[in-house]
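J.: Shown below is the structure under consideration.
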Amino acid sequence: MYPGTNQSECLDEMGDWYQFYLIPGAAHCSVNSLQPGPYPRKNMETMIDWVELGVRPSNLNATVSTGAYAGEVQELCSWPLRPYWTVNSTFECVYDDASVQTWTYNFDAFGFAVY
């Protein structure tokens with residue numbers, strides 16, 4: 001989409017208008033005991049701030065709905081970044097090529113990668 005830029009620059013440019021968040025442990029369109037979330041609770045507020053006030057989100061806060069971690073707020077990173085916690089429990093969103101490759105599938109029936 002952005003000729004002449006490297007991957008990092010391209011993702012930064014695209015992040016001005018598009019962000020994708022993978023939610024580990026979340027069911028599609030419903031909550032169940034096997035997939036308790038976390039689920040973002042303030043998506044609309046975040047989007048209004050982004051579009052109307054120019055406050056670009058760097059991550060989303062999400063709340064676990066059930067189970068041992070019910071009520072815990074966890075941060076979600078915009079893809080292709082993933083959450084990383086250090087030994088002293090500090091959080092940051094990091095790029096991890098091995099993690100990104102787990103989302104790339106090659107099928108003989110397609111002439112391109114399927115995500």
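The values are calculated or read from the model by the stated rules, or taken from the named source; none is laboratory data. Quick caveat, the model's predicted, so the values are computed rather than measured. Positions of Cβ are backbone-derived with ideal geometry, glycine not excepted, and every protein chain shown enters the neighbour counts. The accessibility values were calculated without ligands, DNA or RNA, using every heavy atom of the protein model including side chains. Shrake-Rupley method; radii C 1.70, N 1.55, O 1.52, S 1.80 Å.
J.: Out of segment 64-77, which residues are open to solvent by less than 40 Å² (accessible area, probe 1.4 Å) and modelled with pLDDT of 85 or more?
T.: Hits for segment 64-77 are 76, 77.
J.: Between residues in segment 78-93 that are closer than 17 Å to residue 12 by Cα and open to solvent by less than 80 Å² (accessible area, probe 1.4 Å) and residues that are at pLDDT 80 or above and among the basic types (Lys, Arg), which pairs lie under 9 Å by C-beta distance while being six or more apart or on different chains?
T.: From residues that are closer than 17 Å to residue 12 by Cα and open to solvent by less than 80 Å² (accessible area, probe 1.4 Å), the pairs are 93/82.
J.: Restricted to segment 44-54, and to residues that are closer than 18 Å to residue 16 by Cβ and within 17 Å of the chain's Cα centre (by Cα), which residue is most open to solvent (accessible area, probe 1.4 Å)?
T.: In this case the residue turns out to be 47.
J.: Further, regarding this structure: Is it the case that residue 39 is hydroxyl-bearing (Ser, Thr, Tyr), open to solvent by less than 60 Å² (accessible area, probe 1.4 Å), under 29 Å from residue 3 (Cβ atoms) and within 15 Å of the chain's Cα centre (by Cα)?
T.: Considered against the rule, which asks whether it is hydroxyl-bearing (Ser, Thr, Tyr), open to solvent by less than 60 Å² (accessible area, probe 1.4 Å), under 29 Å from residue 3 (Cβ atoms) and within 15 Å of the chain's Cα centre (by Cα), residue 39 comes out as no.
J.: Given (1) at pLDDT 85 or above; (2) closer than 29 Å to residue 7 by Cβ, where does residue 45 come up short, assuming only one miss?
T.: Answer for residue 45: the failing condition is (2).
J.: Can you tell me which residues in segment 4-20 are within 20 Å of residue 44 (Cα to Cα) and modelled with pLDDT under 85?
T.: none
J.: Now for a different question. Which residues, taken from segment 1-36, are among the hydroxyl-bearing types (Ser, Thr, Tyr), open to solvent by less than 90 Å² (accessible area, probe 1.4 Å) and within 15 Å of the chain's Cα centre (by Cα)?
T.: Passing the criteria: only 21.
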